[in-house]
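Peer 1: The structure's right below; bear with me while I get my questions together.
The values are calculated or read from the model by the stated rules, or taken from the named source; none is laboratory data. What you see is a predicted model; the values in this text were computed from it and never measured. Cβ placement follows ideal geometry from the backbone for every residue including glycine, while neighbour counts extend to all protein chains displayed. Remember, those area values only see protein heavy atoms, side chains included, never the ligands or the DNA or RNA. Shrake-Rupley method; radii C 1.70, N 1.55, O 1.52, S 1.80 Å.
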Amino acid sequence: MALLEARNLTKTYTVDRRPINVLEDVSLMIEKGTFVVIAGSSGSGKTTLLTLLSGLDHPTSGQVLIDERDITGASEAELAPIRNQIIGFVFQSFHLVPSMTARENIMFPAELRGDPKADTRAGQLLKRVGLADRADNLPSQLSGGEKQRIALCRALINRPKLLFADEPTGNLDSENGNTVLTQLIDLKNEHGATLVLVTHNPDIARAADRILTLKDGHLSG
Ligand SMILES: Nc1ncnc2c1ncn2[C@@H]1O[C@H](COP(=O)(O)OP(=O)(O)O)[C@@H](O)[C@H]1O
Ligand SMILES: [Mg+2]
């Protein structure tokens, strides 16, 4: 049974009143617990596809099903708990809240759902990624690699079934990038999560169960 399914997705943006067809008839099935890499050149639509699969944006046509539930027609009120509890997202540019400490950033999604163990769990995750001593630092006091490891903890605090990461090492040097990717994959395995990762790192792509490639609006692999 597929945890994530896309059926005939299309996405058209309109720029200067001209349509740009970024995705044309993209379908996929991703089984629970698998590790899937999405590859494709810059501008091929990888970010667009991830935003549709995670319910951050709506397709022009087609359906996205998570746990056999069609999220395409879901209202914001229906989508909010799915995004908060079933999905974790790691962005290329971290997206941490600048006024919150590392620990507060990590706790935030758990506090939204009223989890009384938010603080304990944030502490465990901080320790797990080797940043327990940076808990009270603001993002501005952390390096890029450290920020991304905090973002990874935040994505995992609600134990999501489905983890999306969009070029999470795109803003990092190779050493910090490797630390982030290693921790991402270890944590995915420890949590039994399903991982959909956009990366250009060939070593990581080799470790994936499947590599799907986007080209000219179509997905293959
Ligand atoms: N909000 C938007 N409005 C208009 N065009 C967009 C928008 N987002 C992305 N695009 C265009 O869609 C194409 C795919 O972008 P994107 O999904 O970011 O690709 P990738 O992540 O593979 O680099 C690009 O041509 C980009 O310019
Ligand atoms: Mg992108």
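Peer 1: Considering the range 119-177 alone, what residues qualify as being under 25 Å from PHE35 (Cα atoms) and among the acidic types (Asp, Glu)?
Peer 2: Within the range 119-177, GLU146, ASP166, GLU167, ASP173, GLU175 qualify.
Peer 1: Kindly state which strands (runs of 3 or more DSSP E) lie completely within the range 133-221 and contain at least 1 residues that are out of contact with any strand residue (DSSP E or B) (no Cβ under 7 Å at 6 or more places or on another chain).
Peer 2: Here the list reads 210-215.
Peer 1: Among SER174, SER143, which is of a type in the set (Ser, Thr, Tyr), at pLDDT 95 or above and open to solvent by 20 Å² or more (accessible area, probe 1.4 Å)?
Peer 2: Details: SER174 fails: at pLDDT 95 or above.
SER143 is the lone residue from the list that is of a type in the set (Ser, Thr, Tyr), at pLDDT 95 or above and open to solvent by 20 Å² or more (accessible area, probe 1.4 Å).
Peer 1: For the range 14-22, does any single residue satisfy the condition of being within 16 Å of ligand 1 (Cβ to nearest atom), open to solvent by 60 Å² or more (accessible area, probe 1.4 Å), charged (D, E, K, R) and assigned to a strand (DSSP E or B)?
Peer 2: yes
Peer 1: Which residue is farthest from ligand 1 (Cβ to nearest atom), if the candidates are limited to the range 194-211 and must be buried (at least 19 other Cβ atoms within 10 Å of the Cβ) and of a type outside the set (A, V, I, L, M, F, W, C)?
Peer 2: Per the stated criteria, the residue is THR194.
Peer 1: Now for a separate question. Based on this model, can you work out whether PRO59 counts as over 14 Å from THR194 (Cβ atoms), open to solvent by 70 Å² or more (accessible area, probe 1.4 Å) and modelled with pLDDT of 95 or more?
Peer 2: No; evaluated as a whole, the condition is false for this residue.
Peer 1: Also, quick follow-up: Would you confirm, using the coordinates I've provided, whether GLY33 is away from ligand 2 (no atom under 16 Å from the Cβ) and touching a Phe, Trp or Tyr at 6+ places or on another chain (Cβ under 8 Å)? First the steps, then the outcome.
Peer 2: On the way: away from ligand 2 (no atom under 16 Å from the Cβ): yes; touching a Phe, Trp or Tyr at 6+ places or on another chain (Cβ under 8 Å): no.
So GLY33 does not fit the description; no.
Peer 1: Could you tell me which residue of the range 30-50 is nearest to ligand 1 (Cβ to nearest atom), considering only residues that are open to solvent by 30 Å² or more (accessible area, probe 1.4 Å) and either of a type in the set (A, V, I, L, M, F, W, C) or not in a loop (DSSP other than H, G, I, E, B) (or both)?
Peer 2: The qualifying residue nearest to ligand 1 (Cβ to nearest atom) is THR47.
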